[in-house]
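Have a look at the structure below, then the notes.
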Amino acid sequence: MYDVLVSAGIGLVLLVVLWPTQSTGRRLLKSWKVSDPTPAQVDDAIRYLKRRRLLYPLLFVGLSFVPFASGRGLGSLAAIVLGGTLLAELIALALPREGRQRSASLAPRGLFDIASQYVLGAYAVVVLFGLVWFVVNLQITQLPVFVVSVAAVATVIWAAVARPVDGDEEVDRVLRTRSVHVSACIGAAMICALIGGGYLFLGVFAWVMMANTNVVSKKIAW
């Protein structure tokens with residue numbers, strides 16, 4: 001019960017602290033190269049953030065019941081928060097958006113048109129390192145969570161490339177890039193949290209660096 005209450009409390013605090021506003025939406029778009037966002041574009045960004053934030057309390061509580069969160073250490077707590085955040089990104093991406101028209105892009109869209117090769121390369125290195133670490137150190141019980149984490153990131157990346165355009169095209173491109181980068185950095189931090197110890201700080205560093213790396217597409221004009 002203690003773990004559930006702590007997880008619920010963290011989820012509610014993050015929901016309140018990170019609840020998106022007009023300034024939040026405008027800042028998000030400007031940080032991803034939309035220099036002068038319109039009110040409609042800001043509304044799209046706010047809607048994108050709300051769909052994720054609202055899932056935090058429920059997912060944090062749900063993950064507090066799974067085996068990797070059975071302890072009360074910092075690693076378990078970090079895994080709950082990171083796992084819930086990653087699942088929120090995945091679920092929000094899959095939910096239908098009522099009243100919005102989706103259309104296919106006329107130009108072929110590749111992964112590196114919307115995502116930085118450095119972010120994806122760094123994530124791949126962390127995944128490989130994590131897999132070797134769990135096998136060599138015989139931490140087999142961590143592998144199911146590791147596999148689910150990697151699968152969730154892969155699904156978010158696939159959906160960001162494959163899904164039809166949703167709403168304003170410029171904002172849509174921005175949010176595709178953000179979804180890929182955020183899911184990759186959360187996935188990397190999740191693996192570091194599962195390893196534990198000093199790797200938690202490496203996970204935080206990876207999160208900050210990867211989440212704030214932008215991309216210049218060769219095909220799509222920003």
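The values are calculated or read from the model by the stated rules, or taken from the named source; none is laboratory data. Everything quoted here is computed from the prediction, not taken from an experiment. Virtual Cβ from ideal backbone geometry, glycine too; neighbours counted across all protein chains shown. Heavy atoms of the whole protein, side chains included, go into the accessibility calculation; ligands, DNA and RNA do not. Shrake-Rupley method; radii C 1.70, N 1.55, O 1.52, S 1.80 Å.
Checked against (1) surrounded by 13 or more Cβ atoms within 10 Å (Cβ to Cβ); (2) modelled with pLDDT of 80 or more, GLY121 passes all but condition (1).
Being touching a strand residue (DSSP E or B) at 6+ places or on another chain (Cβ under 6 Å) and open to solvent by 30 Å² or more (accessible area, probe 1.4 Å) is the filter here; which residues of region 150-173 pass it? Quick ask: steps written out before the conclusion?
Here is the first cut: in region 150-173, the residues touching a strand residue (DSSP E or B) at 6+ places or on another chain (Cβ under 6 Å) are 164-166, 172.
The one that is touching a strand residue (DSSP E or B) at 6+ places or on another chain (Cβ under 6 Å) and open to solvent by 30 Å² or more (accessible area, probe 1.4 Å): PRO164.
Quick check on my filter: what residues within region 36-60 are charged (D, E, K, R) and part of a helix (DSSP H, G or I)?
First, the residues of region 36-60 that are charged (D, E, K, R): 36, 43-44, 47, 50-53.
The answer is ASP43, ASP44, ARG47, LYS50, ARG51, ARG52, ARG53.
Consider region 1-58 and keep the residues that are polar (S, T, N, Q) and open to solvent by less than 30 Å² (accessible area, probe 1.4 Å). The one that is farthest from the chain's Cα centre (by Cα) is GLN41. The residues of region 1-35 that are among the aromatic types (Phe, Trp, Tyr) and part of a loop (DSSP other than H, G, I, E, B), listed by number, are TRP19, TRP32.
When you look at ALA124, is it part of a helix (DSSP H, G or I) and in contact (Cβ under 8 Å) with a residue 12 or more places away in the chain, yes or no?
Values: part of a helix (DSSP H, G or I): yes; in contact (Cβ under 8 Å) with a residue 12 or more places away in the chain: no.
When the stated conditions are applied, ALA124 does not pass them.
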